[in-house]
Amino acid sequence: MTNVILTLNQSQGRCPELPDDQTKCEVKSNCVPGYVSTHSSGIQTGECVPYNNSIKTCEVFAWCPVEDDYHVPKPAFLREAENFTLLVKNNIWYRKFNFSKRNILPTINSTYLKNCIYDAQTDPFCPIFRLGKIVEAAGQDFQEMAVEGGVMALQINWDCNLDRAASHCVPKYSFRRLDNKDSTHTVSPGYNFRFAKYYRNSDGTESRTLVKAYGIRFDIIVFGKAGKFDVIPTMINIGSGLALFGVATVLCDIVVLYCMKKRYYYREKKYKYVEDYELGVGETYGTDS
């Protein structure tokens with residue numbers, strides 16, 4: 001959570017709705033009792049009441065006062081969250097090869113783990129990440145993103161050649177932003193969610209504080225591949241390749257002898273026609289008398 005909009009001391013009752021094209025009114029007849037729009041804060045009572053000195057809106061039965069989230073606080077309340085750190089623990093298992101490993105490598109000891117911070121150049125295998133650096137590595141600005149939130153992907157790639165030693169199978173980290181940041185499309189940007197804290201007053205009435213929280217969600221995406229030499233698939237591939245050469249010869253003959261314009265020329269060069277006299281057909285053999 002990097003930013004919040006707080007609506008304090010809400011209680012169930014009647015109050016003016018936030019002004020928009022559907023809730024502004026001049027007279028009572030503009031408001032429909034029992035009407036609830038898609039984005040309404042509550043149920044209209046049918047009354048037209050002052051929202052401020054210049055605007056009237058339809059009255060609603062809801063948690064009052066209603067939330068006003070038109071203006072998001074800038075800068076973000078928790079802008080120092082970029083210095084927070086995240087420890088990622090990841091385990092993989094390649095079932096076919098019965099090979100398993102985790103991203104905290106055997107060479108990492110507790111002393112190193114307490115002091116390291118991931119850096120692509122100096123500490124590429126440290127599993128502790130600074131949030132600001134993750135956002136920066138994805139080409140984004142943390143302070144800007146913290147205002148309305150967003151979604152980041154921390155990608156772990158395991159690309160392993162299991163013919164080599166297990167120590168060569170190591171994770172590779174990369175980062176990117178998942179939500180679409182488009183300056184021309186500003187409807188519901190970023191990432192946010194709501195929750196409420198309820199409490200009971202001394203007079204027995206129930207109240208709550210509504211929190212609209214903006215934050216950066218981190219999705220950890222793990223992918224990879226592993227391979228190992230096997231003589232059987234190798235022999236199958238070699239046999240398939242040799243068979244393909246035979247098929248290729250037949251296909252070439254079909255194309256050259258039956259499809260090309262100069263097929264008669266190629267046919268004369270490929271085949272030799274033998275006349276009957278060359279075979280000796282019709283000759284008689286005998287002995288002198």
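The values are calculated or read from the model by the stated rules, or taken from the named source; none is laboratory data. This one's a predicted model, so the numbers in the text were calculated from it and none came from an experiment. Every residue, glycine as well, gets a Cβ built from its backbone with ideal geometry; the counts of neighbours run over all protein chains shown.
Structure notes:
- Residue within segment 57-78 that is closer than 30 Å to residue 140 by Cα and of a type in the set (Val, Ile, Thr) present: yes
- Filter result for the condition that a residue is buried (at least 17 other Cβ atoms within 10 Å of the Cβ) and out of contact with any helix residue (DSSP H, G or I) (no Cβ under 7 Å at 6 or more places or on another chain), over 89, 172, 133: 133
- Any chance residue 241 is surrounded by fewer than 10 Cβ atoms within 10 Å (Cβ to Cβ), small (Gly, Ala, Ser) and either more than 27 Å from residue 178 (Cβ to Cβ) or at pLDDT 95 or above (or both): yes
- Residue that is nearest to residue 143 (Cα to Cα), among those in segment 1-52 that are among the charged types (D, E, K, R) and in a loop (DSSP other than H, G, I, E, B): 20
- For the criterion of being closer than 30 Å to residue 82 by Cα and under 41 Å from the mean Cα position of the chain (by Cα), residue 2 passes.
- For segment 155-166, the criterion of being buried (at least 18 other Cβ atoms within 10 Å of the Cβ) and not in a strand (DSSP E or B) is met by none of the residues.
- Considering residues of segment 183-228 that are aromatic (Phe, Trp, Tyr) and in a strand (DSSP E or B) only, the residue nearest to the chain's Cα centre (by Cα): 218
- Residue 111 falls short on exactly one of the conditions (1) assigned by TED's automatic domain parsing to the domain that holds residue 174; (2) farther than 25 Å from residue 173 by Cβ; (3) without any contact (Cβ under 8 Å) to a residue 40 or more places away in the chain, and that condition is (2).
- Every listed requirement among (1) modelled with pLDDT of 75 or more; (2) in contact with a helix residue (DSSP H, G or I) (Cβ under 8 Å, 6 or more places away or on another chain); (3) in a helix (DSSP H, G or I) is met by residue 266 save one, (1).
- Any hit, segment 131-148, residues being more than 30 Å from residue 212 (Cα to Cα), free of Cβ contacts under 8 Å to residues at least 40 places away in the same chain and charged (D, E, K, R): no
- For segment 53-95, the set of residues classified as under 30 Å from residue 161 (Cα atoms) and touching a residue at least 24 places away in the same chain (Cβ under 8 Å) consists of 86, 87, 88, 89, 90, 92, 94, listed by residue number.
- Residue match in segment 216-231 (condition: over 30 Å from residue 108 (Cα atoms), surrounded by 12 or more Cβ atoms within 10 Å (Cβ to Cβ), in contact (Cβ under 8 Å) with a residue 12 or more places away in the chain and hydrophobic (A, V, I, L, M, F, W, C)): no
- The lone exception for residue 128 - which of (1) exposed (fewer than 12 other Cβ atoms within 10 Å of the Cβ); (2) hydrophobic (A, V, I, L, M, F, W, C); (3) touching a Ser or Thr at 6+ places or on another chain (Cβ under 6 Å) it fails: (1)
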